[in-house]
1. Tabulate in residue order the Karplus-calculated ³J(HN,Hα) for segment 240-251, using 6.51 cos²θ - 1.76 cosθ + 1.60 with θ = phi - 60°, rounded to whole Hz; enter x for Gly and Pro.
2. Find the relative contact order for the chain and round it to a whole percent, using C-alpha pairs within less than 8 Å whose residues are 6+ positions apart.
3. In whole Å and largest first, what semi-axes does the C-alpha gyration tensor of segment 386-456 yield when each eigenvalue is scaled by 5 and square-rooted?
4. In whole Å, largest first, what are the principal axis extents of the Cα atoms in segment 132-217?
5. Within segment 180-272, report the GluC sites (Glu not before Pro) that DSSP leaves as loop and that have at most 13 other Cβ atoms within 10 Å.
6. Per residue, how many Å² of accessible area does segment 183-279 show with a 1.4 Å probe?
7. When the Cα atoms of segment 288-351 are enclosed in a convex hull and the volume is divided per residue, what value in Å³ results?
8. Kindly give the semi-axes, whole Å and largest first, of the ellipsoid equivalent to segment 174-231, taking each as the square root of 5 times a Cα gyration tensor eigenvalue.
Amino acid sequence: MTGSVDAAAIDAAWEARVLPTLSEYTRIPCLSPAYDPEWAERGAIAEAAELLRSWVRDQEPALQTEIVQLPGRTPVLLIDNGGAGEPIVVYGHMDKQPPLGEWRSGLGPYEPVRDGDLLYGRGTADDGYSMFAAVTALLAAGGGDGRVLILIEASEESGSPDLAAHLENLEERIGTPRLVICLDSGGLSYDRLWLTTSLRGILVATVRVDVLTEGIHSGQGGGVVPSSFRILRRILSGIEDEATGRIVLPELVGAGIPAAHRANIEALAAEFPESAAPVVDGLHLLTPDPVDRLIARTWGAALEVTGADGLPKPRDGGNVLRPSTTLKLSLRLPPDVDAQAACDALISAIRTDEGAHVTIDMEAAAQGWIAPPLEAGVAATLSAVSKERFGRDFGSVGEGGSIPFLPDLQKGFPATPFVATGVLGPHSNAHGPNEALHIPMAKAVTHAVAELLRSV
């Protein structure tokens, strides 16, 4: 055994007390503000926060549980065990991505479905499980050794635009954390615990090009009026090499992967040589080399067009020169890239000489993150739990996503140790259709958090 934490009790709590309420949470369409501008009026985020708060009070009324509100901001759920000293802070979020596309037959974004070890539904793994795991861990650890704060925000999927205001508001209550545990990450498999060593940053921008005040017959305007789509295509070519996918703006590229991170990636690539992406038959990946793929996923810059407007569906497309085209761009940034400098460079690159009207809406600019060295005691605890649960040591890997909470808090508390872990793994499909929580991994992460709360 790793210590005084009862692993069987954690597993039983998940089955009896967590999964029923997590399933209720799954039914709430609490979309992040970037995807639901009317979130306050719709009330889904407030509903989710109240559900979580009520569940905590049912588990342990002595825990101080508060929904913190700031004007014009999404709320934060703050759970405080009332202990003494500087706190361990455990972080997660309750907001969700939109459904995104067709889900598999029998599944839907807001209808929880248990299938063996998996619980399907939007937000189950990213990141609805986190509050339940944190509180279950706290209770399993006997309330923790000292003060514990659990902070669940509601704007992470939008780039955490409300988080800084909440951290400033809660500055005195948080103090200087002695450890920060983030539960919004994952790894390459479900056969061990995973520790996150780095995160990419992100820029999210919506770019609109207008060339007409209204659409006209393409026979009248084609070859005379410049196409808004062609102008946007040229703008994209100034950001990305369309033949290779390589980002060409130097401010977005970074200095390169550090030697220690590269050595870890080389070892992982030998164990995980294949891509887990659900590609179509015959697709050529951007690189055939597994080391290069892992580097690209964790330390590379990349562009994706995640949305479009002004384009009718093919069956509705007439012979019209359209007045405008809008694209939503998501740019992943290497962990060492300055997000603000990258944002400035991107805005400078989005220009046109044709006289078209170009509108840029920067939705998010989130900094990447490089984890500080792991403390020996924390590493020993994670190793012991991983061996008890899975029979092998924990793994370490950089993640391709971003968690704005970590660089924000690390900037304020550079000496604080961090543990970033989570349940996201192969086919968990966070942000995509058929999102699923791997329940045994959720139980193992809960176990690890409980041991950290007990021992650190």
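1. 9, 6, 5, 7, 10, x, 6, 6, 9, 7, x, 5
2. 27 percent
3. After diagonalising the Cα gyration tensor, the semi-axes are 23, 20, 11 Å.
4. If we take the Cα atoms of segment 132-217, the spans are 72, 39, 23 Å.
5. Those that pass, being in a loop and sparsely packed, are Glu214, Glu242.
6. Accessible area per residue: 48 Å².
7. Per-residue hull volume (Cα only) is 138 Å³.
8. Computed over segment 174-231, the values are 52, 17, 9 Å.
The values are calculated or read from the model by the stated rules, or taken from the named source; none is laboratory data. All values derive from a computational prediction rather than experimental measurement. Neighbour counts run over all protein chains shown; Cβ positions are idealised from the backbone, glycine included. The area values use the complete protein model at the heavy-atom level, side chains included, leaving out ligands, DNA and RNA. Shrake-Rupley method; radii C 1.70, N 1.55, O 1.52, S 1.80 Å.
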